[in-house]
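Asker: Here it is, the structure in full.
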Amino acid sequence: MNKSVEKLSLRYHAFADREAHGVSPSYETYAGSVAENIDLLHRLLELPDGKQQPNLLFAATRHAAGLPGDGSDFARHALAAWDAVRSVILSRSTQTNEPGRCASLLPALARIEGPLAILEVGASAGLCLLPDRYGYDYGRTRLTAKDDDSPVFPCRASERTPIPGAVPQIAWRAGLDLNPLDVCNEEDMQWLKTLVWPEQTERLSRLEAAITIARRDPPRVVAGDLLTETETLARQAPCNTRLVIFHTAVLNYVEPAVREEFAILVKDLGAEWLANEGARILPDVATTDIVEDRPGAFVLSHNARAIARTGPHGQFVDWL
């Protein structure tokens, strides 16, 4: 096994152990299958950079060929439909638009004096631009939404987490994405649903409810790169609002030098900056030991200072 194949195999083993274990038995099994299949690993390595990640392979295979049958080997299932799977991989990306992340972002948003103007980088379909239209269940506190059919996102909040008594006032909202998804486009929304892991039926139901809410007044999401378009969009925020630029699991898709340049850009704009990223992504903000007892957790930071550990899908928030 050459070094590239070995490295990719280890990546899939790590996904099985750190991300899928205890969350999705299917994806844990699929990742192990890929990690041990030399043919599929070679096929993945033939793809462009950034197209070998587990979530994209699994979703593309489900989208093109469905789930493998009981007892079937995932790698062989994917290889049998490889041309169709490869086409989806090349045309799509893991634009997971998990509105449940609003639950872990809300305590930080609510601490910023409003009215707020929020700008999300890597917004996908913009479902995380609607934190004031959802309900939240933090265990000891529950915030209800105005609409009876709004999703209610459960989030295990630590005792130190400053749970707000109400959602913040948002006067303006906009999103930025290289390839925005349209909440009114059925094919785009079917792809979003396919990105939900197989066993997570409640998460899928909440996603469908969030799409329904978003379609009533679709958030504005424009196409553009975070370095070239963030400033242009930020300048459109009303002058009587407090601008908040936020993102989740976005900076891992760009080079470290771009992350540094983006951090400088946000600071120069004078915006509040909420970053919800993996512990390795912003080393000046947090080191990996901050999530040592929370494998797979993100680190939420405010203006480059770590304030909480969060679940990748908003399932928990541990205030620091």
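The values are calculated or read from the model by the stated rules, or taken from the named source; none is laboratory data. In this text, all values refer to a predicted model and were calculated from it rather than measured experimentally. Don't worry about glycine lacking a Cβ; one is built from the backbone with ideal geometry, like all the others, and counts go over all protein chains shown.
Asker: Report, ordered by the first and then the second residue, all pairs with beta carbons closer than 9 Å, sequence separation of six or more or different chains, a first member in region 291-308 that is of a type in the set (Phe, Trp, Tyr), and a second member that is part of a loop (DSSP other than H, G, I, E, B).
Answerer: 298/249; 298/279; 298/281; 298/311; 298/312
Asker: Give the residues of region 179-192 that are part of a loop (DSSP other than H, G, I, E, B) and surrounded by 15 or more Cβ atoms within 10 Å (Cβ to Cβ), sorted by residue number.
Answerer: Hits for region 179-192 are 180, 181, 183.
Asker: Inspect all residues belonging to region 175-189 and state whether any of them is closer than 22 Å to residue 113 by Cα, not assigned by TED's automatic domain parsing to the domain that holds residue 25 and not aliphatic (A, V, I, L, M).
Answerer: Yes, region 175-189 contains at least one residue that is closer than 22 Å to residue 113 by Cα, not assigned by TED's automatic domain parsing to the domain that holds residue 25 and not aliphatic (A, V, I, L, M).
Asker: Would you point out the residue of region 206-262, among those that are free of Cβ contacts under 8 Å to residues at least 60 places away in the same chain and among the small types (Gly, Ala, Ser), that is surrounded by the most Cβ atoms within 10 Å (Cβ to Cβ)?
Answerer: Among those that are free of Cβ contacts under 8 Å to residues at least 60 places away in the same chain and among the small types (Gly, Ala, Ser), it is 224.
Asker: Still on this structure: Where in region 107-164 are there strands (runs of 3 or more DSSP E), lying fully within it, with 1 or more residues that are over 20 Å from residue 202 (Cβ atoms) and among the small types (Gly, Ala, Ser)?
Answerer: Qualifying strands (runs of 3 or more DSSP E): 116-121.
Asker: Go through (1) in a helix (DSSP H, G or I); (2) among the small types (Gly, Ala, Ser); (3) surrounded by fewer than 15 Cβ atoms within 10 Å (Cβ to Cβ); (4) at pLDDT below 95 one by one and return the number of the condition residue 64 breaks.
Answerer: It is condition (3) that residue 64 fails.
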